[in-house]
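Report on the following structure.
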Amino acid sequence: MLNDADTRRFLETSRCVLEFYNTSLLMNEDCDTQDAMEYLTAKFRTLSESTGNSVTDVDLFLSELFESMTKNQQVDVMQYFRNGDHKIMVATSVAEEGLDIRQCNLVIRYNYVTNEIAMVQARGRARAENSKFVTVASCNQGVAEKDEINIIREMMMHDAIRQLQKEMKTRHTDYHQTMSKIQAEEKEKRDIELAMMNGRTLKEGEVVLRCRKCDEFACMSSDIRTVEKAHHVVIDPEFSDRSLEKAYSSLIKISGDDMFKQGKLHCKKCGLDWGIVARHSSTTFPVIKVESFIVIDDVGRRDAPKKWKFTNFRVEQLSQEELLQYRRRALASGRDA
């Protein structure tokens, strides 16, 4: 109904692209994410082919958004939004924390609920006076129910904080004694860890792996290598002092690889399942799974990745020289090589 052809083109193209995204989100609920992405890719390809030689700036802009924005483009968008040049900003969960946008008066979460902490952080993005926080949820997905549970948990969290503050005032001496004890225990734990690392200090990009259950030191990221481009092995000879191996009655072939399982690997202190003991190139290795560990960087930040692809440190492939060195150390220590 608009007379201006350029405006009609802009609105209609934007509407079509939003429909692509909406359909992709619906597919993602019931199908694999890969299927949803393939659908999106095909739709954008079709859109590009249909425009032919009549490509406009909006076509290029929306296609570039789908292909992903550069860091500089993200910074520009944030600045435009802060300045008021852009009235709406669409973002992933990365916008939940750390973004200070005082002019923002409305936050909408679309079909997305995590925990009560993330909810408080997301709501904090709306800093303007009389701002609002809204969750839009589709039916039968349990999103609304999770949101209600988070509201209850937030209320419990505030009650706990008030109770703690009250305890700190009425039992001031006991509180400080307890804190001093905890700090002393943590310092002792760090001193023991430094001794176990043989005086090594963390380099840039290096992290420490601790047992997820008991927080016991396990190894450093520089002690880990990959075998067959998939299995993560620890080549620190002293790792066996911190782990417990339980052998199988026979070797079990790992499908597709030149590796055989020969036992389970556990934390020596708490018994948590750390992975397996495997045989590769006539050498026995501890093969760890990252979901059994807490990852701590050089400034003390803690992470709990569930898969190796979600870690933020680099792991090199086991070289032939390292294989021979590991084998020699194993033989020298009397362990099975």
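The values are calculated or read from the model by the stated rules, or taken from the named source; none is laboratory data. Just so we're clear, the structure is a prediction, and the values are computed from it rather than from any experiment. Quick reminder, even Gly has a Cβ in these numbers, built from the backbone with ideal geometry, and neighbours come from all protein chains shown. We work out accessible area using only protein heavy atoms, side chains counted, and drop any ligands, DNA or RNA first. Shrake-Rupley method; radii C 1.70, N 1.55, O 1.52, S 1.80 Å.
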Taking all protein chains together and a probe of 1.4 Å, list Cys139, Cys31 from the most accessible to the least accessible. Cys139, Cys31
What does the charge dipole of the chain about its Cα centre add up to, to the nearest 20 debye, if the Cβ of each Lys and Arg holds +1 and the Cβ of each Asp and Glu holds -1? 1180
Chain lengthening between Gln74 and Cys16 when straightened (0.36 nm per residue, less Cα-Cα): 18.6 nm
Surface accessible to a 1.4 Å probe, per residue, for the residues of the stretch 250-323, Å²: 55
Could you tell me the calculated FRET efficiency between His176 and Tyr110, based on Cβ-Cβ distance and R0 = 45 angstrom, to the nearest 0.05? 0.45
How large, in percent, is the carbon and sulfur part of the accessible surface of the stretch 240-337 at a probe radius of 1.4 Å? 50
Lys/Arg Cβ at +1, Asp/Glu Cβ at -1, dipole of the chain taken about the Cα centre: which of Val277, Asn3, Ala118 is farthest positive-ward? Val277
Gyration tensor (alpha-carbon) shape descriptor, the stretch 3-113, a/c threshold 1.5: oblate
Please turn the phi angles of the stretch 31-44 into ³J(HN,Hα) values with the Karplus equation 6.51 cos²θ - 1.76 cosθ + 1.60 (θ = phi - 60°), one per residue in order, whole Hz, x for glycine and proline. 10, 6, 4, 4, 4, 5, 5, 5, 4, 4, 4, 5, 5, 5
Quick one, which of (1) 1.06; (2) 1.16; (3) 1.00 is the actual Rg/Rh (Cα atoms, Kirkwood Rh) calculated for this model? (1)
What does the accessible area of Leu324 come to, in Å² to the nearest 10, when a probe of 1.4 Å is used? 70
Crossing angle, helix 5-30 versus the chain [Cα axis fit, 0-90 degrees, rounded to tens]: 40
Please report the relative contact order for the chain, taking Cα pairs under 8 Å with a sequence separation of at least 6, and give it as a percent rounded to a whole number. 9
Beyond a 20 Å Cα-Cα separation, which of these cross-linked pairs lie in this structure: Lys229/Lys307; Lys43/Lys309; Lys229/Lys261; Lys189/Lys213; Lys229/Lys306? Lys43/Lys309
Considering only DSSP beta bridges whose two residues both sit in the chain, what percent are antiparallel, to the nearest 5? 85
Summing +1 for each Lys or Arg and -1 for each Asp or Glu, what net charge is found among the other residues whose Cβ lies under 9 Å from the Cβ of Glu291? +4
If the cut-off is a Cα-Cα distance under 17 Å, which lysines reach Lys132, setting aside same-chain residues fewer than 8 apart in sequence? Lys87
Using just the helices of the chain, give the 222 nm mean residue ellipticity in deg cm²/dmol: DSSP H runs with n ≥ 4 each add -39,500 (n - 2.57), and the total is spread over all residues, rounded to 500. -14500 deg cm²/dmol
Carbon plus sulfur, as percent of the 1.4 Å-probe accessible area of the stretch 90-138, comes to 52
Just want to confirm a number: the relative contact order over the stretch 68-165, from Cα pairs under 8 angstrom separated by 6+ residues, in percent. 24
Taking the mean number of other Cβ atoms within 10 Å as a proxy for protection, how do you rank 300-313, 104-117 from highest to lowest? 104-117, 300-313
Among Gly300, Phe217, Leu18, flag the residue with its Cα farthest along the positive direction of the charge dipole of the chain, charges on Cβ as +1 for Lys/Arg and -1 for Asp/Glu. Phe217
